[in-house]
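Trainee: Structure provided below as structure tokens; questions to follow.
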Amino acid sequence: MTKWLLLECFSGEPGCVIAVGSTPKSFVPLSNIVRNPLSRADAESALRRVCATGAPVAH
């Protein structure tokens, strides 16, 4: 089952997770949610793009 992550990036990188799918989270570090190093690297790369451009990323 594919789930989406909602991240805040107001504080810049690395940002915090505020939802996983429809489940709210209380500003949890991304590393607590995405434990696989390759998946976390992809998520961090997408977050850097969002912070740099301000544009949404679907990845």
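Trainee: Could you list all residues from region 6-28 that are open to solvent by 50 Å² or more (accessible area, probe 1.4 Å) and more than 9 Å from the chain's Cα centre (by Cα)?
Mentor: Phe10, Ser11, Glu13, Ser22, Thr23, Pro24, Lys25, Ser26, Phe27
Trainee: Taking region 41-59, which residues are part of a helix (DSSP H, G or I) and open to solvent by less than 60 Å² (accessible area, probe 1.4 Å)?
Mentor: If the condition is that a residue be part of a helix (DSSP H, G or I) and open to solvent by less than 60 Å² (accessible area, probe 1.4 Å), then Ala41, Ala43, Ser45, Ala46, Leu47, Val50, Cys51 are the ones that fit.
Trainee: Condition (residue is on the phi > 0 side of the Ramachandran plot and at pLDDT 85 or above) applied to region 28-46: is it met by at least one residue?
Mentor: Looking through region 28-46, none of the residues is on the phi > 0 side of the Ramachandran plot and at pLDDT 85 or above.
The values are calculated or read from the model by the stated rules, or taken from the named source; none is laboratory data. This is a predicted model, so every value here is computed, not measured. Accessible surface is based on the protein model in full, side chains and every heavy atom, while ligands, DNA and RNA are left aside. Shrake-Rupley method; radii C 1.70, N 1.55, O 1.52, S 1.80 Å.
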